[in-house]
Amino acid sequence: MLVLGCTSQKGGVAKSSLARLLAREFAAKGRRVLLADLDLLQATSLEWARRRVEAGLRPDVPVVGCESVKHALKQARQADVDCLVLDARGFADAQTLKVAWAAEALLIPSGLAVDDLLPAVRLAHELTRAGVPRVQIGMRSAAPATRRARSRRRHATSVRRATTASRLPGRSGPATAGLMTKAALPPRRAIRRCRPRPGPSRPAPWHSLRRGQA
């Protein structure tokens, strides 16, 4: 049984949306999947499942509310599913570490703002310090697919890679294995847009003047 976990340090970064998308795609491929909502207070995934049933949407995605990771694993084994998706709470606590240990892959979504990126990077650092293998942790920026958003996403990826590749206190290796160290520079398109152009208030460059013109 494949176990996937979706967690975050703060709310509003599309954590539950990512968990629901994974569960829905597994179900569409004919896999027996179970989505476990571990946040019984918000119950975001449970409400999503209820709306799907009322609208008669396909495919069917079974969603259960679980008070603990142990309960979710028990429900998945009883249902004999191929994949279990754990939708953790919208904040990091003791349950987050249990989700990380139970999951074969832990996904941490993040927005493009620095206020979203830094908590996600700190959470990844805390999990690695707790002993979670670095190769099990994945980060993904959630943003609309527009030209400007894609440009910002590339910039955010550079910031995230440069931040996660910084060295941890008391360790000699990089914080996250397999990530390239990049300088947090804006995209090339943004740099080209910032270059000055000749205009009425800005004289033309010397190499653009023809011979004999003052």
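No lab work stands behind these numbers, since they all come straight from the coordinates. Worth saying up front: this structure is predicted, and the values here are computed from it rather than measured. Heads up, the Cβs are rebuilt from the backbone with ideal geometry, glycines too, and the neighbour counts pull from every protein chain shown.
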Note down the Stokes-Einstein diffusion coefficient of region 17-112 in µm²/s, whole number, using a Kirkwood radius over alpha carbon pairs, 4 °C, and 1.567 mPa s.
95
Between ASP82 and residues 5 or more places away or on another chain, which pairs have amide H atoms under 5 Å apart, with H built 1.01 Å from N, and which residues are they?
ARG32, VAL33
For region 2-144, averaging the sequence separation of alpha carbon pairs under 8 Å that lie six or more residues apart and dividing by its residue count, the contact order in percent is 36
Would you grab the residues whose amide H sits under 5 Å from the one on MET139? Only those 5+ places off in sequence or on another chain, please, with H modelled 1.01 Å from N.
ILE108
From the phi angles alone, apply the Karplus equation (6.51, -1.76, 1.60; θ = phi - 60°) to region 54-60 and give each ³J(HN,Hα) in whole Hz, x where the residue is Gly or Pro.
5, 7, x, 7, 10, x, 6
Paramagnetic reach from GLU126 (point 7 Å along Cα→Cβ, amide N under 17 Å) across region 32-46
39
Please report VAL63, VAL132, VAL114 as a ranked list, fewest other C-beta atoms within 10 angstrom at the top and most at the bottom.
VAL114, VAL132, VAL63
Tell me, ASP37, ASP82 in order of fewest to most beta-carbon neighbours within 10 Å?
ASP82, ASP37
Long-range HN-HN contacts of VAL13 with modeled amide H, under 5 Å
none
Based on Cβ point charges of +1 for Lys and Arg and -1 for Asp and Glu, what charge dipole magnitude is obtained for region 2-144 about its Cα centre, in debye rounded to the nearest 20?
220
